[in-house]
Amino acid sequence: MQQRNSGNRRPSGTDGSDFSYRMVVDNRYTKVAKGKSTLSKVLVVQAVVVLLGVVDILFTLLNKEPLEILAAASISITLISIIIGELGRKRSRVSLLKLYMAASSVGILGSIASIAQLKATTPLLVGLSNWETDKFDLLKIACVSVGLFVQIFSISKTTSLIGNMSPPKRAS
């Protein structure tokens, strides 16, 4: 830590004579706090996207259609990874944050594979006559697209957070 510069302003609650003893918080710790806050918001957005996927699966089951195993598995993996990410964020555990990045990446890749499988089995956007089934397919595609964007943002923020949480490298 470095000592605070003696600027023109006097800190509140002092007479100004203790300026040389005041310390400044290292920039790395401020970045960690901001990174944790940002990751918290990203996890909430990711949870909302997963809930939309759960709603889609519930509608599929209510319409007595067969369950898409790959979609359900990828949503489950992503939900578990969000819980792991939140634990890693709260407890400042780098290993949990790395596990979160890996598991959520597997989850989004599974979602992309389920969309590719969906597109291979049913032609999308053939016409407006199948609007009832197409709108659920469009919802799936939109959820996966938003999920992919959030995943890319999440990986960049989590990597930055991990870099700031780790002790700085010493030059030898």
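Some points to look at:
- Förster radius 30 Å - calculated FRET efficiency between Ser166 and Val146, Cβ distance, rounded to 0.05: 0.50
- When both the stretch 24-69 and the stretch 151-168 are represented by their alpha-carbon centers, they are found 17 Å apart.
- Here the gap between Asn63 and Ala33, fully extended at 0.36 nm per residue and compared with their Cα-Cα distance, gives a gain of 6.2 nm.
- Accessible surface ranking for Thr60, Thr30, Thr159, 1.4 angstrom probe, highest first: Thr159, Thr30, Thr60.
- Across the stretch 41-53, coupling constants 3J(HN,Hα) worked out from phi with the 6.51/-1.76/1.60 Karplus curve, θ = phi - 60°, read 5, 5, 5, 5, 5, 5, 5, 5, 5, 5, 5, 5, x Hz, and Gly and Pro carry x.
- Note on Lys135/Val106: beta-carbon distance plugged into 1/(1 + (r/R0)^6) with R0 of 35 Å gives a FRET efficiency of 0.80.
- Spin-label proximity, Val45 to the stretch 148-172 - amide N less than 15 Å from point 7 Å beyond Cα toward beta carbon: 148-159
- Within the same chain, lysines fewer than 8 places from Lys41 are excluded, and of the rest, those with a Cα less than 24 Å from its Cα are Lys31, Lys90, Lys98, Lys140, Lys157.
The values are calculated or read from the model by the stated rules, or taken from the named source; none is laboratory data. Remember, it's a predicted structure, so these values are computed and weren't measured experimentally. Cβ atoms come from the backbone with ideal geometry, glycine included; neighbour counts cover every protein chain shown. Side chains are part of the model used for accessible areas, which takes the heavy atoms of the whole protein and leaves out ligands, DNA and RNA. Shrake-Rupley method; radii C 1.70, N 1.55, O 1.52, S 1.80 Å.
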